[in-house]
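In what follows, a single structure is set out as C-alpha cells and then discussed.
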Amino acid sequence: MIKKLLKISFKFILVAFVLVAISYGGFHLWEYATGGKYVIFLSKNSETIPLEKSFSFERMEQDIANNHLILVGEIHGFHEPSVFDVDFFKYLHENHNVNHYIAELDFVQAQLLNDFLYSGDEKLLQRILENWAVIQGRNNKDYFEKYIHLQQYFQQLPENEKFKFVGIDLIQDENLVKEYLNSFYPSDSLGNKVEKDGSTLNETIERLTTIYSQNTDTLFLLSHLKKNADYILNKENREEIMFQNFHSLFSYNKWSESKLYGFFGLYHVFQYRINNSHPLASKIRKSNLGLKNKILSINFMMNDSYMVMPSNQLPEFMREKGAYTRIPVSADNMLFMYIIGVKDFKRMTPQHHKSLIKMDAPNSPYINSMRLSKTIQLLPVTDQFEMNDEGLPYVQYTVFVRNSDWAAPMK
C-alpha cells in the first residue's frame, strides 16, 4: 500500500514538474516570439552606453523644454541611480536653469542640507542622513558621496546660479526639527541663545510663532512645520503628506514659472494609479497646480545587478553575515519580480551597459499592451506593483541598467 502511494505521489510530482517546465518554457518562447516590434522600438528610441560613461541627454532636450516638473524614480540601494542623479541634475542646471531640487527629505533635513552646501561640514551631512526615510541611504558611501559631489559643484557656482534643496517628506527626525527650531530663539544680552525647548514640537512652534509674529517668511515656515507635526499626530498617509507639502511650497514660492527637478523612490514618480492608489506624481497631475501634461517622469529598471539592504530588514534566509547584505536583483527573476517584457530590454542592452529610452515616442507598441504593466512574483518577499490604468503614460523615459553594483555601505 505504501509503495503504491509513493508511486502515485512520484507520478504526480513528475507530471506537475513537467507542466511547470512546459509553462515556463512556453512563456519565454511567447515573450521572445512576440518581442520583435518592441526591441525595434526600444533600439530606435534609446541612447545606450557603457556603465562608466554619462548620458548626453540630447534625446530628452525637447521633452525637458516642454515640461515643468522633471521627476526621477530610483530603486533605492543601487550604485548607478546616484551617479545618474548627479549627472542629470548638473545637466538640467546648466542647460535648463533648474535651481530647485525637490528631495525625498523632510523640510528641515533639506534646509540643513542647504547649509551643508555652503559649509561642506560632513558631520552635519551625517546628522541629516542619520534617520533618513531611505533606509539604504543611511551610513552609505554612495549616497553620502552623492551629496559631496553636489556640494563641490555648488561651491564653484556664482551666487546668482546656486541651487537649493526642498524637502517634502513627512518629518523623519523630530529631534532634528527641535534642534533646528531652537536656533530661531533670540540671544540674550551676552549673546547666548535663549532656548526654550518645549515638551512637544507644537509647543516650540507656538512660542516661536509669538516671537516672529511680524516676520512673514518665518511665520510661513513655522506654519508649515506645524502642519507637518499635525500630520504625524493624525497618522496621515505619507503620499498625501508629500503631495500637500509640495502643493503648499509650490504655491507659496510661486514656482509656476520655475522648472523643478525631483529625485525620489520609484513609486512616487508614476503618473497614474499603482495598486489602486495615486502616487505623488499622479496626485500632482490631478491637482489644481496647472501641471497636467507638464510632468516628465523617468523610472529605473535594474537587471543583473546588486542592491544593499540592512540585514535586519530581510528574511533570515536572505541575509548575509554582517550589518548589510548585497542582494542580487534582476527584473527578470520570477521568484521575486518578473516584469513582463523585460527580455526586450535585455535584447537591446548589452551587459555592463545602460540605456536611456523614450517610452512615449510615436507609434509605441506599448499602448494597450500588457508588457511592462504586469508582473510575475512566485515568492512574495518584495512589494508588487500593479498598473491599474493600463496603456496610459506612467513614465516618459526608462533607464534600463545591467550589472550595477550595490550602493556600498560605509565601513
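Select from segment 35-46 the residues that are surrounded by fewer than 18 Cβ atoms within 10 Å (Cβ to Cβ) and in contact (Cβ under 8 Å) with a residue 40 or more places away in the chain and list them in ascending order.
Of everything in segment 35-46, those that are surrounded by fewer than 18 Cβ atoms within 10 Å (Cβ to Cβ) and in contact (Cβ under 8 Å) with a residue 40 or more places away in the chain turn out to be Lys37, Val39, Ser43, Lys44.
What residue, among those in segment 108-138 that are in a helix (DSSP H, G or I) and of a type in the set (S, T, N, Q), is modelled with the lowest pLDDT?
Residue satisfying both the conditions and the ranking: Gln136.
A quick yes/no check of all residues on (1) buried (at least 17 other Cβ atoms within 10 Å of the Cβ); (2) farther than 14 Å from His68 by Cα; (3) out of contact with any helix residue (DSSP H, G or I) (no Cβ under 9 Å at 6 or more places or on another chain):
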position	(1), (2), (3)
Asp230	no, yes, no
Leu233	no, yes, no
Glu239	yes, yes, no
Asn245	yes, yes, no
Tyr252	no, yes, no
Lys259	yes, no, no
Gly262	yes, no, no
Tyr267	yes, yes, no
Ser277	no, yes, no
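Looking at (1) touching a helix residue (DSSP H, G or I) at 6+ places or on another chain (Cβ under 7 Å); (2) in a helix (DSSP H, G or I); (3) surrounded by fewer than 21 Cβ atoms within 10 Å (Cβ to Cβ), which is the only condition Leu291 fails?
Evaluating Leu291 over (1) touching a helix residue (DSSP H, G or I) at 6+ places or on another chain (Cβ under 7 Å); (2) in a helix (DSSP H, G or I); (3) surrounded by fewer than 21 Cβ atoms within 10 Å (Cβ to Cβ) leaves (2) as the failure.
Given the criteria of a type in the set (D, E, K, R) and in a strand (DSSP E or B), does Lys346 qualify?
Spelling it out, it is not the case that Lys346 is of a type in the set (D, E, K, R) and in a strand (DSSP E or B).
For every residue, the table says whether it meets (1) of a type in the set (Ser, Thr, Tyr); (2) touching a helix residue (DSSP H, G or I) at 6+ places or on another chain (Cβ under 7 Å); (3) under 16 Å from Phe246 (Cβ atoms).
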{"residue": "Ile75", "(1), (2), (3)": "no, yes, no"}
{"residue": "Ser82", "(1), (2), (3)": "yes, yes, no"}
{"residue": "Ala110", "(1), (2), (3)": "no, no, yes"}
{"residue": "Leu117", "(1), (2), (3)": "no, yes, no"}
{"residue": "Leu129", "(1), (2), (3)": "no, yes, no"}
{"residue": "Ala133", "(1), (2), (3)": "no, no, yes"}
{"residue": "Phe154", "(1), (2), (3)": "no, yes, no"}
{"residue": "Ile168", "(1), (2), (3)": "no, yes, yes"}
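Can you go through Phe317, Phe385 and tell me which one is in a helix (DSSP H, G or I), modelled with pLDDT under 85 and assigned by TED's automatic domain parsing to the domain that holds Phe55?
Answer to the selection: Phe317.
Of all residues in segment 321-337, how many are part of a loop (DSSP other than H, G, I, E, B) and at pLDDT 90 or above?
Adding up the residues that qualify gives 3.
Look through Ile64, Ile70 and report the one residue that is of a type outside the set (Phe, Trp, Tyr) and not in a helix (DSSP H, G or I).
Unique residue meeting the criteria: Ile70.
Answer yes if at least one residue in segment 302-314 is farther than 22 Å from His76 by Cβ and of a type outside the set (A, V, I, L, M, F, W, C), and no otherwise.
Within segment 302-314, none of the residues are farther than 22 Å from His76 by Cβ and of a type outside the set (A, V, I, L, M, F, W, C).
With Thr325, Thr375 as the choices, which residue is under 22 Å from Val269 (Cβ atoms) and of a type outside the set (Lys, Arg)?
Thr375 is the lone residue from the list that is under 22 Å from Val269 (Cβ atoms) and of a type outside the set (Lys, Arg).
Among the residues of segment 186-204, is any out of contact with any Ser or Thr (no Cβ under 7 Å at 6 or more places or on another chain), part of a strand (DSSP E or B) and modelled with pLDDT of 95 or more?
no
Got a number for residues in segment 225-250 being within 21 Å of Ile284 (Cβ to Cβ) and more than 23 Å from the chain's Cα centre (by Cα)?
Residues meeting the conditions: 1.
Take segment 149-187 and flag every residue that is of a type in the set (Gly, Ala, Ser) and more than 26 Å from Glu239 (Cβ to Cβ).
Ser183, Ser187
The values are calculated or read from the model by the stated rules, or taken from the named source; none is laboratory data. From a predicted model like this one, the values you see are computed outputs, not experimental measurements. Glycine also receives a Cβ, built like all others from the backbone with ideal geometry; neighbour counts cover every protein chain displayed.
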